[in-house]
Amino acid sequence: MKRKILVVDDDRKTVDLIRLYLEREQHQVLVAYDGREALELARQRAPSLIILDWMLPKVDGLDICRILRVESQVPIIMLTARSTEEDKLLGLDLGADDYVTKPFSPRELVARVRVVMRRFTQEEELAPPLQIGDLRIDFAAHEVMRADEPVRLTPKEFKLLETLAREPGRAFSRSELVNRVFGLEYEGFERTIDVHLMNLRKKVEADPNHPLYLLTVYGVGYKFRRE
């Protein structure tokens, strides 16, 4: 299956080599040579998988991994010359799905990509859609239906709804939701979440003034109704 894969490394020869092998597998390859560019591409282009070097200019690979794990579940394969057991455990603890050390075999790396993507796809398929009342959320397909009619959401609105709906009954603070939806680097106001939630209610609630699903927890933040 063709995938959009982001390759991040400050060594252009390494990037070109990986791109060559991935394109042979019919994947679409995005490239970044520093951490800041990698974060921008990951957020704007939503790759299916990221191959990520540890030592990068501007923002290092571990910080990228930490930030992206708050924002998404995109599979990440760390690719680095740091090969001690402690380094590997640190990368995996921060949310990397696999860890490949340099020097590496491009064919083995492509095989690792297949394994990680297969596992991730299976996990996505196993996540059942949530049906509550007249609202249906299909997490894998990124689709929302209300009263059998499709609901058009922006990426941020879907991320906000997904964050709340995956843990029904849990009260999220505004700062938690800002981190999940906008990322740790967001420097705007926490009250931005109120605006997004108000817009979300207009789309998924029959009566936004008397919501059934997206509930306010006074003094805390918001939660999704527990069935």
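The values are calculated or read from the model by the stated rules, or taken from the named source; none is laboratory data. Everything quoted here is computed from the prediction, not taken from an experiment. Note: ideal-geometry Cβ built from the backbone for every residue, glycine included; neighbour counts use all protein chains shown.
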**Complete:** Scanning region 104-118 for residues that are at pLDDT below 90 and loosely packed, with under 12 Cβ neighbours inside 10 Å gives 118
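Listed residues 208, 168, 150; which is over 20 Å from residue 129 (Cβ atoms), outside the structural domain of residue 64 (by TED's automatic domain parsing) and either of a type in the set (A, V, I, L, M) or at pLDDT 85 or above (or both)? Give the steps one after another, and end with the answer.
Working: 168 fails: over 20 Å from residue 129 (Cβ atoms); 150 fails: over 20 Å from residue 129 (Cβ atoms).
From the options 208, 168, 150, the qualifying one is 208.
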**Request:** Return yes or no: is residue 71 more than 22 Å from the chain's Cα centre (by Cα) and of a type in the set (Asp, Glu)?
**Result:** no
**Fill in**
Expected single match for exposed (fewer than 12 other Cβ atoms within 10 Å of the Cβ), of a type outside the set (Lys, Arg) and on the phi < 0 side of the Ramachandran plot among 93, 134, 97 is 93
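Here are 38, 46, 96: which of them is at pLDDT 90 or above and either small (Gly, Ala, Ser) or farther than 26 Å from residue 139 by Cβ (or both)?
On the way: 46 fails: at pLDDT 90 or above; 96 fails: at pLDDT 90 or above.
It is 38.
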**Asked** Any idea how many residues of region 54-95 are over 29 Å from residue 162 (Cα atoms) and assigned to a strand (DSSP E or B)?
**Response** 2
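Condition test on residue 50, is it in contact with a helix residue (DSSP H, G or I) (Cβ under 9 Å, 6 or more places away or on another chain), assigned to a helix (DSSP H, G or I) and closer than 30 Å to residue 160 by Cβ?
Details: in contact with a helix residue (DSSP H, G or I) (Cβ under 9 Å, 6 or more places away or on another chain): yes; assigned to a helix (DSSP H, G or I): no; closer than 30 Å to residue 160 by Cβ: yes.
So residue 50 fails the test.
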**Prompt:** Name the residues in region 143-163 that are within 11 Å of residue 181 (Cβ to Cβ), touching a helix residue (DSSP H, G or I) at 6+ places or on another chain (Cβ under 8 Å) and of a type outside the set (Val, Ile, Thr), would you?
**Reply:** 156, 157, 159, 160, 161
**Prompt:** How about region 15-47: which of its residues are surrounded by 14 or more Cβ atoms within 10 Å (Cβ to Cβ), touching a residue at least 60 places away in the same chain (Cβ under 8 Å) and either not assigned by TED's automatic domain parsing to the domain that holds residue 71 or not in a loop (DSSP other than H, G, I, E, B) (or both)?
**Reply:** 17, 18, 21, 22, 39, 43
**Request:** Just give me the residues in region 119-131 being modelled with pLDDT of 85 or more and surrounded by 16 or more Cβ atoms within 10 Å (Cβ to Cβ), in sequence order.
**Result:** 130
**Fill in**
Restricting attention to region 209-225, the residues that are surrounded by 20 or more Cβ atoms within 10 Å (Cβ to Cβ) and either assigned to a loop (DSSP other than H, G, I, E, B) or hydroxyl-bearing (Ser, Thr, Tyr) (or both) number exactly 2
